[in-house]
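Take a look at the structure below.
The values are calculated or read from the model by the stated rules, or taken from the named source; none is laboratory data. The structure presented is a predicted model; accordingly, all values stated were derived computationally and were not measured. Cβ placement follows ideal geometry from the backbone for every residue including glycine, while neighbour counts extend to all protein chains displayed. We work out accessible area using only protein heavy atoms, side chains counted, and drop any ligands, DNA or RNA first. Shrake-Rupley method; radii C 1.70, N 1.55, O 1.52, S 1.80 Å.
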Amino acid sequence: MRERERFDRLRLIRSPRIGPVSYRQLLARFGTAGEALRAIPDLAARGGGRASVADAGAVEKEIAQSRALGARYLLMGDPDYPVLLDQFEGAPPALILRGDTALASGQCIAMVGARNASAAACRFARTLAQDLGQRGAVVVSGLARGIDTEAHRGSIGNGTIGVIASGIDIAFPPENRDLQEQVATEGLLITEHPPGVQPLARHFPARNRIIAGLALGTVVVEAAPRSGSLITARLAGEAGREVMAVPGSPLDPRAQGCNQLIREGAILIQNAADVLEAVGSIDPRMVRQGSFDFIGEPVSSDVADKERAAVIALLGPAPVPIDELIRQSGLSPAVVQTVLLELELAGRTDRLAGGRVSVR
């Protein structure tokens, strides 16, 4: 990929209202990021709004800041972009990394759990991560308090990946600053956010999809019924990856999430051998190579006003699956996707998890 195209792709994903889905659609339709950037204002106008693209100077400044921090970019379409993550719905088009990028191509196992974890669970997580590392696995976690911290501490000597919900220069929680730096120098630190971005609440579910996407399977060590760790497990399951859970006492609320996962079909885990046996049936070589295939139908170049009106008439504030829009409108997937792209760029719709969309 030429440097100009790399710059334009980063500028494209940094543009307002451009997410992973619209990013892929624009590149599938226009071929290059430069052509997509030029087309955005016209597409937004067709959707009844206005749109701008990221300022080139701001992107240049971001790149300079990242390089000054010792970080590099990995773009979707690069040969060393993690293959398993590339196949994950909503995979980030641009990653910023510090450390050994080869770790992301190893046998990755995600470990997540409660921030206020019990002492016993923390010890188990640390020991499990150490055993997995000694058996050749790379442990992926989120550098949060509790289980994440112990997972990194246990695996730091053998291979660990920390995925954060902030800029590469921001440590959160603050007490993990030294651990985050150690992960960046001895393992691999990953984010999708530019330097300086703070860890806002809405960033953590997006961070969780990267954790799940990098791994063959996700192990939940301890989690309450509404824990964010269960989001990671759900994302892993929806992508066909193994979901594993460590059972706990029914008297401890922090174990209820794991016990519920096991009731719903998650694999019960007691040691590293159980984990590796569970993921042994998933061969990374079977995952599609040659990344950056558009997921779904490509967008169309021409949409009639009547077709656009038919799709808009079916939309409302209640989220609706895109497949349902295609079925009820009787239009081709390409036409429906094009209308949704126009509306999204115009700021009139929101894309939601599970392939759903709603109007604002």
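Numbers for the structure displayed
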{"item": "Of ASN259, ILE269, ALA215, farthest towards positive along the dipole that unit charges on Lys, Arg, Asp, Glu beta carbons give the range 209-272", "result": "ALA215"}
{"item": "Length-normalised contact order for the chain - Cα pairs under 8 Å, 6+ apart - percent", "result": "18 percent"}
{"item": "Förster radius 22 Å - calculated FRET efficiency between ALA201 and ALA68 (Cβ-Cβ, nearest 0.05)", "result": "0.20"}
{"item": "Anisotropy class of the range 8-86 from Cα gyration tensor, a/c 1.5 cut", "result": "oblate"}
{"item": "Environment charge of ASP350, counting only residues whose C-beta is closer than 11 Å and scoring Lys/Arg +1, Asp/Glu -1", "result": "+4"}
{"item": "Exposure of LEU230 as accessible area (Å², to 10), given a probe of 1.4 Å and all protein chains", "result": "40 Å²"}
{"item": "Whole-percent carbon and sulfur share, accessible surface of the range 155-294, 1.4 Å", "result": "52 percent"}
{"item": "DSSP-defined antiparallel bridges as percent of all bridges, the chain, nearest 5", "result": "40 percent"}
{"item": "Gyration tensor verdict on the range 4-45 (Cα atoms; rounded if a/c is under 1.5, prolate if a/b is larger than b/c, oblate otherwise)", "result": "rounded"}
{"item": "Whole-angstrom gap from the range 99-144 to the range 315-341, using each part's C-alpha centre", "result": "40 Å"}
{"item": "Per residue, the convex hull volume that the Cα atoms of the range 160-276 enclose (Å³)", "result": "117 Å³"}
{"item": "Normalised per residue, the volume of the convex hull around the Cα set of the range 163-219 (Å³)", "result": "92 Å³"}
{"item": "Neighbour net charge for ASP131 - beta-carbon separation under 15 angstrom, K R +1, D E -1", "result": "+1"}
{"item": "Accessible surface of the range 23-116, 1.4 Å probe, proportion on carbon and sulfur as whole %", "result": "49 percent"}
{"item": "Sparsely packed trypsin sites (Lys or Arg not before Pro) within the range 35-141, loop by DSSP, other Cβ within 10 Å at most 15", "result": "ARG50, ARG135"}
{"item": "Whole-number accessible area per residue in Å² for the chain, which is evaluated in the context of all protein chains at 1.4 Å", "result": "44 Å²"}
{"item": "Shape call, the range 83-240: gyration tensor on alpha carbons, a/c limit 1.5", "result": "rounded"}
{"item": "Integer Hz, Karplus 6.51/-1.76/1.60 couplings in order for the range 342-356, x for Gly and Pro", "result": "4, 5, 5, 5, 7, x, 9, 9, 10, 8, 10, 4, x, x, 10"}
{"item": "Label-zone membership for the range 319-356, site ALA313, 7 angstrom Cα→C-beta point, backbone N under 13 Å", "result": "328-331"}
{"item": "SER249 versus ARG177: modelled label distance in nm, points set 7 Å from Cα along the beta carbon direction", "result": "3.7 nm"}
{"item": "Chain lengthening between ARG50 and ALA239 when straightened (0.36 nm per residue, less Cα-Cα)", "result": "64.6 nm"}
